[in-house]
Amino acid sequence: MCLSPDVLKNINGRSFLACVLMWGAFPICYAVAQVGDLEFRDSFAFDIDPGADFERPSETDAASFEPLIEEGRSRSETRPPVPTAGEQLTGTGRSGRAARFSERVEAASRLSRSVGEVGNANEGIFDGETVQDRPVGIQLGSLRLAQSFDAGLGWTDNAEQANGGTADGFYEIDAAVAVISDWERHELGVELRGSLRAFFDEPDNNQPVVTGRGNVHLDLGDLTTADIDGVYSFSREERSSAENEALTGRTNSMQEIGGSFSLSRQVSLVQLRGGIGVDRTVYSGQMSSSQPRDNTVFDATLRTSLDKGAAFEPYLEGGFLVRKYDQDCNGDPSCFDRTSRGYFVKAGVHVDRGPKLRGEIGVGYRAEYLDDDRLDALQGLIFEGSFVWSPTRRDTVTVSGATSFNGTNISGASGSILYAGDVRYAHEFTQDLVGDVRFGYTYRAYEGVSIVEQEGTGSFSLVWAFSKDAALLSRYTFHSFESSSPDSNYTSNLIEAGLRIRH
């Protein structure tokens, strides 16, 4: 389950070089800001005590976590709905848009929400966003409209993200619009986001990604709440994946449509939450004679946890599921009936030590038993969790992990289990300049066939907000992919820079 020493050495060497280059660019930006007549905010000047950021925080150092009074931080915000940590790590489209650091913080912080609580759970935590161009939005009665637009150019030495890939330049755009409620009791959030990475030489390598997400949080009383969630995503399959059947041209497109309803109730010191959900996955594009992978998963879950205000609170969660494939074999002996029924159980602990440390971690077991006796059960250990640690008001670390069970149409395979985890660190140099570093790893194993895929990712980015509505973006990303399938291993380096506009 580890990348080879040569690959790890390559990751370390390239990541270190990129960090040196991008950190070296920072003094140049600083010099320009000091001599240029561009009316930058005074916050860009280093007038802060040099040792302030290195003070060791203590339990009594409440000032480090008090909301700052600067413009853009003095107001509590309701944010657009964000995917959970598990969804961010194990999404179907691995080539899709990486989650923003603020989305990582929001996903983990929402785990600290108690029954009946609305608003931000991460107040006082540095969320990786620059202060100067923090979005305000347009007020529409009791709703707020927020929008953002990113555009930039980049280059990669492996546009195909596959063995033997070629270098190519690209342009990239990312646009989003969100509607967020400003209600006292209930919450409403809807966001639609679309991005396109378009290559200059070979359009078949283009990477379009569309996501839509909505959430309604209902306060039904002091002890009862309800949540209704919906999600849609569109992306393209990675060319190096064992699932990919398109050797030339565009790879298959993938669409996910899901929804869930959950009800939470506080009973004395125990919090109960039950829910039902549906998640449908549809593939289209170049298909072989093998049976389609389109399938729908229905699930029902129940979670019970202690809620007595302690810093560490245990929980127990379990549920049942049914996975139904669209194709019915109808007695065809060459067809594999992968319709399955299963269950999962998970136990863990919820941690809430205020703004400094919050999140939860759970470990358990999941099994899916397929209707076709020729196929093995898809089963294994599961883990899922996400933590936010904020040692100072200028530094935040997120640690996330998740497990995902996925269907397949590979002959003889029951499906695949994906384990994913990452660590991200963000630092605020000034109110206008922010950087973050990420390291991630995924391990996918197919049940019934000897196929294992591993992927390591490292990235470094800088964001400089030079006005109240615009910021310059820069990022370097390194990927290393290894597979037991022949001629599938590859590495890629990607450099991009652009402009972000939001209001």
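Where a number appears in this text, it was derived from the coordinates with a stated rule and is not lab data. Note that the coordinates shown come from a computational prediction; the quantities given were computed from them, not determined experimentally. Because the Cβ atoms are built from the backbone with ideal geometry, glycine has one as well, and the counts that use them run over all protein chains shown.
Taking a point 7 angstrom from the Cα of L143 along the C-beta vector, which residues in the stretch 169-211 have backbone N less than 14 Å away? In the stretch 169-211, the label zone of L143 (backbone N under 14 Å from the point 7 Å along Cα→Cβ) covers 177-183, 187-192.
Using the Cβ-Cβ distance between V267 and L192 with R0 set to 41 Å, the FRET efficiency works out to roughly 0.65. The per residue volume of the convex hull around the alpha-carbon atoms of the stretch 349-503 is 152 Å³. Using all Cα-Cα distances in the stretch 311-413, what percent lands in each 10 angstrom bin from 0 up to the longest? Pairs per bin, as whole percents: 13, 33, 23, 17, 11, 4, 0. Going by a ≥ b ≥ c, the root eigenvalues of the Cα gyration tensor, does the stretch 205-252 fall in the rounded group (a/c under 1.5), the prolate group (a/b larger than b/c) or the oblate group? Prolate shape, in that a/c is at least 1.5 and a/b is the bigger ratio.
A simple spin-label model places the labels of L472 and R185 5.0 nm from each other, with each point 7 Å out along Cα-to-Cβ.
Let a ≥ b ≥ c be the square roots of the eigenvalues of the Cα gyration tensor of the stretch 166-237; is it rounded (a/c under 1.5), or, if not, prolate (a/b larger than b/c) or oblate?
Values: a/c = 6.04, a/b = 3.29, b/c = 1.84.
Prolate is the answer for the stretch 166-237, as a/c is 1.5 or above and a/b outweighs b/c.
For a test of the definition: using alpha carbon positions, the gyration tensor, and the 1.5 limit on a/c, classify the stretch 360-403 as rounded, prolate or oblate. Because a/c hits 1.5 or more and a/b exceeds b/c, the stretch 360-403 counts as prolate.
Explain nothing, just the number: relative contact order of the stretch 368-441, from Cα pairs under 8 Å at least 6 residues apart, as a whole percent.
On the way: 131 pairs, mean separation 18.0, N = 74.
Relative contact order of the stretch 368-441: 24 percent.
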